1. Taking the stretch 368-385, which residues are out of contact with any helix residue (DSSP H, G or I) (no Cβ under 8 Å at 6 or more places or on another chain) and in contact (Cβ under 8 Å) with a residue 40 or more places away in the chain?
2. For the condition part of a loop (DSSP other than H, G, I, E, B), within 16 Å of ligand 1 (Cβ to nearest atom) and touching a Ser or Thr at 6+ places or on another chain (Cβ under 7 Å), what is the one hit in 437, 483?
3. Just one of the numbered conditions (1) under 24 Å from residue 40 (Cα atoms); (2) more than 30 Å from the chain's Cα centre (by Cα) is not true of residue 181; which one?
4. Would you check if there is a residue in the stretch 648-663 being in a strand (DSSP E or B) and either closer than 21 Å to residue 680 by Cβ or in contact (Cβ under 8 Å) with a residue 24 or more places away in the chain (or both)?
5. Only one of 647, 640 is within 16 Å of ligand 1 (Cβ to nearest atom) and either modelled with pLDDT of 95 or more or closer than 22 Å to residue 415 by Cβ (or both). Can you tell me which?
6. Keeping to the stretch 692-725, report how many residues are crowded, with 19+ Cβ neighbours inside 10 Å and within 17 Å of residue 416 (Cα to Cα).
7. Give the residues of the stretch 726-738 that are surrounded by 13 or more Cβ atoms within 10 Å (Cβ to Cβ) and either β-branched (Val, Ile, Thr) or away from ligand 2 (no atom under 16 Å from the Cβ) (or both), sorted by residue number.
8. Looking at (1) within 22 Å of residue 701 (Cα to Cα); (2) of a type outside the set (Ser, Thr, Tyr); (3) within 16 Å of ligand 1 (Cβ to nearest atom), find the lone condition where residue 678 falls short.
Amino acid sequence: MSGTSVIGFPRIGEKRELKRATEDYFAGNLDYERLAREGAGLRRRHWLLQKEKGIDLITSNDFSLYDTVLDAAFMLNAIPKRFAQAGLSDADTCFAMAKGYQKGTVDLKALDMKKWFNTNYHYVVPELDEGMEFLLRGDKAFAEFTEARAAGVETLPALIGPFTFLKLSRIRGALTSRMREGIAGVYRETLRRLASVRSGTVRFDEPSLVTDLDAGDLELFSSLYGTILRDRGPLKALLQTYFGDIGDAYDAAMRLDFDAVGLDFVEGAGNLDLLRERGWPRGRTLVAGLVNGKNVWRNDYSQSLSLLEALESHVPAGNIVIGTSCSLLHVPYSTRHEVRMPERYRRHLAFAEEKLSELTTLASLFRRDDCRSDPAFRENQTLIGEKRDLPEFRSPEVRRRVASLTEEDFRRRSPFVERTALQRRRLNLPPLPTTTIGSFPQTPEVRALRNDLRKGTITEEEYDERLKKMIRDVIALQEEIGIDVLVHGEFERSDMVEYFGEHLSGFLFTENGWVQSYGTRGVKPPIIFGDVSRPGPITVPWISYAQSLTAKPVKGMLTGPVTILNWSFPREDLPLRDIALQIALAIRDEVADLERAGIGIIQVDEAALREKLPMRRAHWRRDYLDWAIRAFRLASSPVTDETQIQTHMCYSEFSDIMEEIKEMDADVLLIEAAKSDFSVLDSLREHRYDKDVGPGVYDIHSPRVPGREEIEGMIRIMKEKFDPASLWVNPDCGLKTRGFQETVPSLRHM
Ligand code: GLN
Ligand code: ZN
């Protein structure tokens, strides 16, 4: 094997065709056959594109109508009984596992969804139990392989590896040897089937190998593959890892009978050291992940070629394949669609399609001795150099400000006990004050209004007037319901990150830069291009207007620096910590302006704080949390003691970063808790959390209206678990995805 490899291609299609078709199918406007045909058309187009661009190892079975982990569960017949018994078609069984199913007397809750490692993609969590009969079900892997062959493209069928599959599954009870054997048996059977259609190589994706593993894990990994790879005939096997270095699993992986191993050299800097220290088995192919599958910048050929040269002293050049660092699922489809983006920016970007050309160019440069005098190389280096010359790239003022930060800038003036006394006096709130997380329902009317402004069918003044009316209504509604701390509703925001990005300099926006987040949902992350600064106040006019309508406190509502950074594509020439500090300074100025405008409570949301926790625990603090917490503190600390800082986070898994949450030093922590029975309050108490807490008393992710008694019960529980004098009462998260019809009664009951 040599040449180039693509670990996976965005499957939603360049115009999000798959999203549309799947949603039409869900709505009953498209039959399954037409949906399947749409899927087949997309696969074919993506394979042919890769072939035409000269990619050697093209993946099949990276496609899914919803999620590939879900497909793997289906392939193993790991279908919980309640879904298997619903009498649905195969496709609908999968969709029911993904999204739940409600019809007639059947009422099935969806399986859980979790973040796919350190990406913003979410997979469906398989649920396994001892009673399951694992057997090869369906023919997706072979069918897609033969479909590609019929289209003239030889592909590598990719399977979610059995080790990662087990690590990601929720296992009821313990993993028994019967389950292990059953699962390994299905993989063996799959290999036999693939051998019978003479697929040359099969790929096993094992990203779980880049996480912290213990001896039991390594034993599981080795024994699974010991069984699966035995007597596989002429079929070749590629072990593919990504999102980091394979650390302790290196030796085990090398000992096993794989023909090729894929390592990520973008996020897995440690992989090169492993190779140097432990060597590389003779004859084995290395698939070297060099083209970043998670970011949107053009590859710097000089860096990639230097790395390839370093690899060459351990692995013969003929055994090196140049690949993407991970699936291209995590970047948008093509820059061709960004017609409104000025060319001076666009040419620095490489989305999935452009990365294909980078791979083949790198491969041809790698084959040449004098590659650095090749025009393709020089052109690339000129481009990389030009980026630094763009005026937005570097703002001396921003750099100076970051460089001159002192410890003072990261601290509130007084300790919490003193602050809270002053705040209580100023705010004069009743015990168990009620509030919400910020957004109110984004009705079709709100969305149409923002669209009209974008299209220019209404003037800025008309837009402002209509938005003010919505704010007036929502303030009146909250007063009427009797909420203590009000919000303005966030109607001006399409998205909590995009909105701030649009009002800060240093950000670029795409028109069509969609990335799949889960199922049919996508996000369009902004791109951090240059130094970040705030040209002027962003939210102050809206919040001040809302505050002018009521005697009750209205919260200022901001997105925190870590969340803005984590939900954007960052630049690669600056460490993330420096980018975070730049954003933090911009938000800090907004916080200060809100205070100056008389706003007494400012909420700085860090919904995505956990998102980019490093894969290995030993790196959590040093490589991430240290600077992430400092960035939050920098953003939120310019205020006087009388001004209250609240923060909101929406995940309930908390206990492992409790010390860091304490270090954020927010006066009030509003946090998701309803789905986990307030267990978060137990960990807060164990860690002697001494500030105010608002554990969400009801789940906003469902249209269900919680009853009065139910909420009363919740409040009772939380009062038993935590000092009532420090408790707030609020929903779990923002209400923007809900309708008013369920929001109003829910808040009344609360
Ligand atoms: N303030 C935001 C809202 O209410 C927070 C959103 C979030 O937690 N993701 O929508
Ligand atoms: Zn939330």
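The values are calculated or read from the model by the stated rules, or taken from the named source; none is laboratory data. Keep in mind that what you see is a predicted model, and the values were worked out from it rather than measured. With ideal geometry, Cβ positions are generated from the backbone for all residues, glycine too; neighbour counts draw on all protein chains shown.
1. 383, the sole residue that qualifies.
2. Residue meeting the stated conditions: 483.
3. (1)
4. The answer is yes; a qualifying residue exists.
5. That would be 647, the only listed residue that is within 16 Å of ligand 1 (Cβ to nearest atom) and either modelled with pLDDT of 95 or more or closer than 22 Å to residue 415 by Cβ (or both).
6. Going through the stretch 692-725 one residue at a time, the tally reaches 3.
7. Once the filter is applied, which keeps residues that are surrounded by 13 or more Cβ atoms within 10 Å (Cβ to Cβ) and either β-branched (Val, Ile, Thr) or away from ligand 2 (no atom under 16 Å from the Cβ) (or both), the stretch 726-738 yields 726, 727, 729.
8. Condition not satisfied by residue 678: (3).
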